[in-house]
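Below: the structure, in structure tokens.
The values are calculated or read from the model by the stated rules, or taken from the named source; none is laboratory data. A quick note: this is a predicted structure, and the numbers were derived from the prediction, not measured. Cβ coordinates were reconstructed from backbone atoms using ideal geometry, including for glycine residues, and neighbour counts include every protein chain displayed. Ligands, DNA and RNA are stripped out before the accessible areas are found, and what is left, the full protein with its side chains, is counted by its heavy atoms. Shrake-Rupley method; radii C 1.70, N 1.55, O 1.52, S 1.80 Å.
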Amino acid sequence: MGFFSKDIKTLDDLFIHTLRDIYYAEKQIEKSLPKMIGKATDPLLKAGFEKHLTQTKGHIERVEQVFELLGVKAKTVNCPAIDGILEEADEVSGDVDDKDVLDAALIASAQAVEHYEMTRYGTLIAWARQLGRSDCANVLAKNLKQGQATDRKLTEIAETRINLQAA
Ligand SMILES: [Fe+2]
Ligand SMILES: [Fe+2]
């Protein structure tokens with residue numbers, strides 16, 4: 001069912017493919033966050049990750065809502081990009097000894113995850129609008145907004161605490 005079997009013919013197909021991609025990505029993020037929560041030392045960072053986990057569950061529900069609006073079965077398609085980001089996060093954090101530097105590594109990884117989400121939601125929203133599905137765009141926009149807010153919050157935590165402690 002990959003791109004190379006040429007089963008994506010229209011923008012509608014591509015939209016659904018990408019929706020399945022972010023559905024997979026959100027589920028992988030949900031699975032990996034408890035590990036990141038466990039590794040984080042700074043209480044604000046830990047709390048931020050916990051909030052992200054709660055939000056991620058909401059993101060999954062909203063993506064399912066979009067599948068429902070489209071009358072399409074909620075299904076995932078492998079996303080090697082998010083697998084790579086999460087794998088790298090795990091690898092790097094496993095190589096960091098100092099706990100303050102580890103927090104800096106974790107926050108950097110978390111922001112890479114947020115940015116993947118943001119690029120996908122941004123694209124999906126634009127396509128949904130183009131396809132006359134502002135109902136779907138509006139649901140997806142809530143996930144994008146939350147992702148942007150989380151990203152800004154992470155930047156703030158990094159610049160006011162984590163990077164200072166790590167340096
Ligand atoms: Fe998300
Ligand atoms: Fe992807």
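Mean separation of Cα pairs under 8 Å and 6+ residues apart, divided by the residue count of segment 18-167: what relative contact order is that in percent?
30
Provide the gained length on full extension for the span K6 to H115, in nm with one decimal, where the gain is 0.36 nm per separating residue minus the Cα-Cα distance.
Residue separation times 0.36 nm, minus the Cα-Cα distance, leaves 36.5 nm.
What is the spin-label model distance, in nm, from H17 to N163 if the labels are put 7 Å beyond Cα along the C-beta direction?
3.8
Express the carbon and sulfur contribution to the solvent-accessible surface of the chain as a percent, rounded to the nearest whole number, probe 1.4 angstrom.
So the carbon and sulfur contribution to the accessible surface is 53 percent.
Under a straight-distance cross-link criterion of Cα-Cα below 20 Å, which lysines are reachable from K51, leaving out those fewer than 8 residues away in the same chain?
The reachable lysines, counting only those whose Cα sits under 20 Å from K51, are K27, K31, K35, K39, K142, K145, K153.
Quick check for you: with a 1.4 Å probe and neighbouring chains kept, what is the accessible area per residue of segment 11-166, in Å²?
On a per-residue basis, 49 Å².
Go ahead and estimate [θ] at 222 nm for the chain from helices alone: -39,500 (n - 2.57) per DSSP H run with n ≥ 4, summed, over the residue count, rounded to 500.
My calculation for the chain gives -28000 deg cm²/dmol from helical runs alone.
Could you check the simple spin-label distance between L131 and A74, using points 7 Å along Cα→Cβ, in nm with one decimal?
Result for the modelled spin labels: 1.7 nm.
Cβ neighbours within 10 Å, averaged per peptide: list 107-117, 72-82, 43-53 in order, most packed at the top.
Order by mean packing, descending: 107-117, 43-53, 72-82.
Short version: what are the Cα gyration tensor semi-axes of segment 115-159, square root of 5 times each eigenvalue, largest first, in whole Å?
Rounded to whole Å, the semi-axes are 25, 9, 5.
Rounded to the nearest 10 Å², what accessible area does K142 have for a 1.4 Å probe in the complete protein model?
Accessible area of K142: about 110 Å².
What FRET efficiency do you get for T54 and D95 if R0 is 35 Å and r is their Cβ-Cβ distance, rounded to the nearest 0.05?
For T54 and D95, the calculated efficiency is 0.75.
Mind checking the dipole of the chain: about its Cα centre, +1 per Lys or Arg Cβ, -1 per Asp or Glu Cβ, Debye to the nearest 20?
760
Could you give me the radius of gyration and the Dmax of the chain, taking only the C-alpha atoms into account and expressing both in angstrom?
Cα-based Rg and Dmax for the chain come out at 16.9, 51 Å.
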